[in-house]
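FYI, it's all coordinate maths here, none of it is from the lab. This structure is a prediction, so every number in the text was calculated from the model and none was measured. Every residue, glycine among them, receives a Cβ derived from its backbone with ideal geometry; neighbour counts consider all protein chains shown.
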Amino acid sequence: MIYFNHAATSFPRPPAVLTAIQASLTQPPQEPGRSGWEDPLMECRRALMGLFGLEDPLRVVLTASATLACNQILRGLELPPGSHVITSCMEHNSILRPLAAWADQNQGEITYLPLEEDGSFSSGRIRAAVRDSTRLLAFTHASNVTGVLFPMEEIIHLAAERSLPLLIDASQSVGLVPLDLGAISSPVFVAGAGHKALQGPPGTGFFVMAGPDVLKPWIAGGTGVHSLDRTQPPMLPYRLEAGTPNTSGFAGLRAGVLQVLEQTPQVLAAHRCTLAQTLVGDLPTPWRVVSPNPEGDYRTGVVSLSHPEKSPSEVGLMLQEIFGIETRWGLHCAPLAHQHLGTFPQGTLRISFGESNTLEQVAILKDALFQIGMS
Amino acid sequence: MKVLSLIPLDDCLGSTHSVRCHLDAAMTEEAMRRLAEGGRLEYFPHFPRPFFRVDHPAHFIAQGVLGNDHFRLTYLKQYKDAVREALQTIFSESEPCQDCRTCS
């Protein structure tokens, strides 16, 4: 089997990740405040800090997924009723649905900014969309449909200039495209998934906070510390982490992050970019790249394809059943992106590369696409 | 040949159902042609594994590979009863599946 679905989840996991998970489960439990004396969660936070140029591990909040991280951030901001939020049409449902739920409950307004003609995102559109009532900017760092990278340094600068909180969904980019949050003055939150490019296990996610500490807890419960407090303890990260943590999962995530840091995000991204460029540079007829990335920047390794006659669902099945190639077809939990790109309702065939893929595998994929395309 | 189960597949699309139809034996060319009776068959024997697609008048599309013990069915939600009846007719030994979430 050839696996080209790394944007969904990584495969195979590195041996170091498996070893760390097994060690966590077979050695006496170490859960801060609950059992043992060591703090493996803090080790995971420290490893994650290394990806963002942060110094305080208590600013890293561990969650079960990027979706839960986005929910905690959005709900924790307690935006006033009637507020306005600016986001984009390329967002995943992990942003779209929490925002929609918030808007429905709070008479909120949401502006969904489009991409430019060349497939890029322009921060100038944010500038034009900001109102007096705008209280949050929420953007993906990299689209999980086309792989396009948002100009996040510009967006961070703009948010700081307007003193607006910024929520960044870095699920597709973390571990590949660095974000330096070391000198941030306004509230910036970066949510990430642990099981994609960071190669940790499913059920791990996180968010990091830069700038002022403004979040209220969304979930309340046991923390293992300050048990006498009637409500959630005020200190980080306990204020925002309630319930027994996925200690073994975060042990695996730490191992994955350390491997990424050792290999460096730049090298890992360059590998994905090379594979993606090899695919799109000589794509068999009659395939089309959906919204090609400007300047061929495929650092996240995500490419969406379409065929003029065959549905993505049919092609995905053919690749799977005939050629043993795993891809992902459909809407990729990003319905607005497909409405914007003209690929709704069938979606696209998404190819997403990872560290385990090779140029030889890309050649096999291209041959399979050629055969299917001509059938 | 019997249908053992219909397993729902998540394909991210809201308008259609996709299920994997599991059989008690490998799909043969004869079974494929029986499945295609009255419908339109596209057959690709030249692929590394022979692939078929059937557009059936009972409002479903069946796609799969000969030699596998399963194939995929796609249909609009409103036709689920018609699809179920057609499957039971085509695979005459089929028994109504008891634990099929799609049909319930």
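When shorter helices are ignored and each DSSP H run of at least 4 residues is given -39500 (n - 2.57), the per-residue value for chain A at 222 nm works out to -11000 deg cm²/dmol.
What is the stretch A:67-111 by shape, rounded, prolate or oblate, if you read a ≥ b ≥ c off the alpha carbon gyration tensor as root eigenvalues and call it rounded for a/c under 1.5, prolate for a/b larger than b/c, and oblate otherwise? It comes out oblate by the Cα gyration axes. Report the local net charge at A:N106: Lys and Arg +1, Asp and Glu -1, summed over other residues whose C-beta lies under 12 Å from its C-beta. Neighbourhood net charge equals -1. Take every Cα pair under 8 Å whose residues are at least 6 apart in sequence, average their separation, divide by the length of chain A, and the relative contact order is 23 percent.
Based on the alpha-carbon gyration tensor of the stretch A:1-105 and its eigenvalue square roots a ≥ b ≥ c, which shape applies: rounded if a/c is under 1.5, prolate if not and a/b is larger than b/c, or oblate? Oblate shape, in that a/c is at least 1.5 and b/c is the bigger or equal ratio.
Would you mind classifying the stretch A:71-180 by shape? Square roots of the alpha carbon gyration tensor eigenvalues, ordered a ≥ b ≥ c; an a/c under 1.5 is rounded, otherwise it is prolate if a/b is larger than b/c and oblate if not. Judged from the Cα gyration tensor, the stretch A:71-180 comes out prolate (a/c at least 1.5, a/b above b/c). Residues A:M1, B:M1, A:M209, arranged from fewest to most other Cβ atoms within 10 angstrom of their Cβ, appear as A:M1, B:M1, A:M209. When the convex hull of its Cα atoms is viewed from all sides, the stretch A:222-375 shows a mean projected area of 13.0 nm².
The stretch A:94-166 and the stretch A:1-46 have Cα centres separated by 32 Å.
Once the C-beta distance of A:S120 and A:T274 is scaled by a Förster radius of 35 Å, the resulting FRET efficiency is 0.95 to the nearest 0.05.
Overall, chain A carries a charge dipole of about 580 debye about its Cα centre when +1 sits on the Cβ of Lys and Arg and -1 on the Cβ of Asp and Glu, all other atoms neutral. When chain A is described by a simple charge dipole with +1 on each Lys and Arg Cβ and -1 on each Asp and Glu Cβ, the residue from A:Q107, A:I2, A:V148 located farthest towards its positive end is A:Q107.
Antiparallel beta bridges, as assigned by DSSP with both residues in chain A, represent about 50 percent of the total such bridges. Taken over the Cα atoms of the stretch A:15-262, the convex hull encloses 119 Å³ per residue. Axis of helix A:359-374 versus longest Cα principal axis of chain A: the two differ by about 60°, to the nearest ten degrees.
Neighbour counting of Cβ atoms within 10 Å sorts the residues A:S120, A:S248, fewest neighbours leading, into A:S120, A:S248.
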